[in-house]
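Asks: What follows is a single structure, and I will ask about it in a moment.
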Amino acid sequence: MIELKKNKEQSDVDAVRSFIAIETNQKVKKTLDELVEKLKRMGFRATWTKTDNTHLTLFFLGDQKISKLAQLAYKIGDRLAGFPTFHFYVENLGFFERNSIPKVLWLGIREDTTLNGLYEEIKTVLKICDFEVKDNIFKPHITIGRVKNYPKHWKELISTTSFEEIKVHVNSIEIFSSVLTKNGPIYNKLYTIDFEGGVIINGQR
């Protein structure tokens, strides 16, 4: 059974910057911290992801009204009721580049058919609810940092940096709000949608 309750703070907000994501675990967060320190010593300078903000983003929703996000939570909850609990593996350090310049460093996710299936199920609901969805190829990753400066031979340095693969258990997804500040984004969990058909708002079922 899905129950959605609005508190006064939510009702007073017209729209929030929001996204859908999967939370990670302490081992991922610890590995991220260790990699950031290692990359700094190599000479990389970046806007680094804060440990508490570590997650696997599925969809960025942009600025949306709370009422529309609530409706989306209902729809996703209905769609994912009974979706199988699964796990994915974080397995490598990677990057996005432009003109041979590194732009984003990330933790790569091993190809997983269930994760891809989850992505497609949510994508279907977003289209039904009239959210704008780009038909991009899904390349799951966890952002480590957005690069500002980098060392010579940066590709070689990244290719020789490894860590023990990490298993992440998944039985829910989350809808977050994101407030941009000069000290980095502040994320607040608005809805947790678990695969048993439950939607939790700010810790209340």
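Just so it is clear, none of the values below were taken in a lab; they were calculated from the coordinates. Keep in mind the model is a prediction, meaning the values are calculated, not measured. Here the Cβ positions follow ideal geometry from the backbone for every residue, glycine too, while neighbour counts run over all protein chains shown.
Asks: Please give the contour-minus-distance gain from Thr161 to Arg110: 0.36 nm per residue of separation, less the Cα-Cα distance, rounded to one decimal in nm.
Replies: 16.7 nm
Asks: Neighbour counts of other C-beta atoms within 10 Å: give me Val170, Val90 arranged from fewest to most.
Replies: The fewest-first ordering by Cβ neighbours comes to Val170, Val90.
Asks: Using the 10 angstrom Cβ neighbour count as an exposure proxy, how do Ile128, Ile76, Ile200 rank, fewest first?
Replies: Listing Ile128, Ile76, Ile200 from fewest to most nearby Cβ atoms yields Ile128, Ile200, Ile76.
Asks: Relative to the Cα centre, what is the charge dipole magnitude of the chain, using +1 at the beta carbon of each Lys and Arg, -1 at the beta carbon of each Asp and Glu, and rounding to the nearest 20 debye?
Replies: Working: 31 positive and 26 negative charges, 173 e Å.
Dipole size: approximately 840 debye.
Asks: Lys/Arg Cβ at +1, Asp/Glu Cβ at -1, dipole of the chain taken about the Cα centre: which of Gln71, Ala15, Tyr191 is farthest positive-ward?
Replies: Value: Ala15.
Asks: Would you mind counting up the charge near Leu126? Only other residues with Cβ under 14 Å from its Cβ, with Lys and Arg at +1 and Asp and Glu at -1.
Replies: Working: positive: Lys68, Lys75, Arg79, Lys123, Lys127, Lys134; negative: Asp78, Glu120, Glu121, Asp130, Glu132, Asp135.
Net local charge, Leu126 excluded: 0.
Asks: Mind telling me which of Phe88, Phe163, Phe59 comes out most flexible in a GNM of the chain, alpha-carbon contacts under 10 Å?
Replies: Most flexible of the set in this elastic network: Phe163.
Asks: Further question: Using helices alone, what [θ] at 222 nm do you get for the chain, with -39,500 (n - 2.57) per DSSP H run of 4 or more residues, divided over all residues and rounded to the nearest 500?
Replies: When only DSSP H runs of four or more count, the value is -8500 deg cm²/dmol.
Asks: Right, here's the next one. Which net charge results when you count Lys and Arg as +1 and Asp and Glu as -1 among the other residues whose beta-carbon is under 12 Å from that of Lys30?
Replies: Charge balance in the 12 Å sphere: -2.
Asks: Also, I was wondering about something else. Could you sort 152-161, 62-71, 187-196 so that the peptide with the highest average Cβ count within 10 Å comes first and the rest follow in order?
Replies: 187-196, 62-71, 152-161
Asks: Summing Lys, Arg as +1 and Asp, Glu as -1, what charge do residues with Cβ under 13 Å from the Cβ of Asn116 carry, Asn116 excluded?
Replies: -1
Asks: Next up: Straight-line reach from Lys68: which lysines fall under 18 Å, measuring Cα to Cα and dropping same-chain residues less than 8 apart?
Replies: Straight-line reach from Lys68, under 18 Å: Lys5, Lys6, Lys8, Lys123, Lys127, Lys189.
Asks: Which of the pairs Lys38/Lys139; Lys30/Lys139; Lys40/Lys103; Lys139/Lys182; Lys134/Lys167; Lys40/Lys155 have their Cα atoms more than 19 Å apart in this structure?
Replies: Lys38/Lys139; Lys30/Lys139; Lys139/Lys182; Lys134/Lys167
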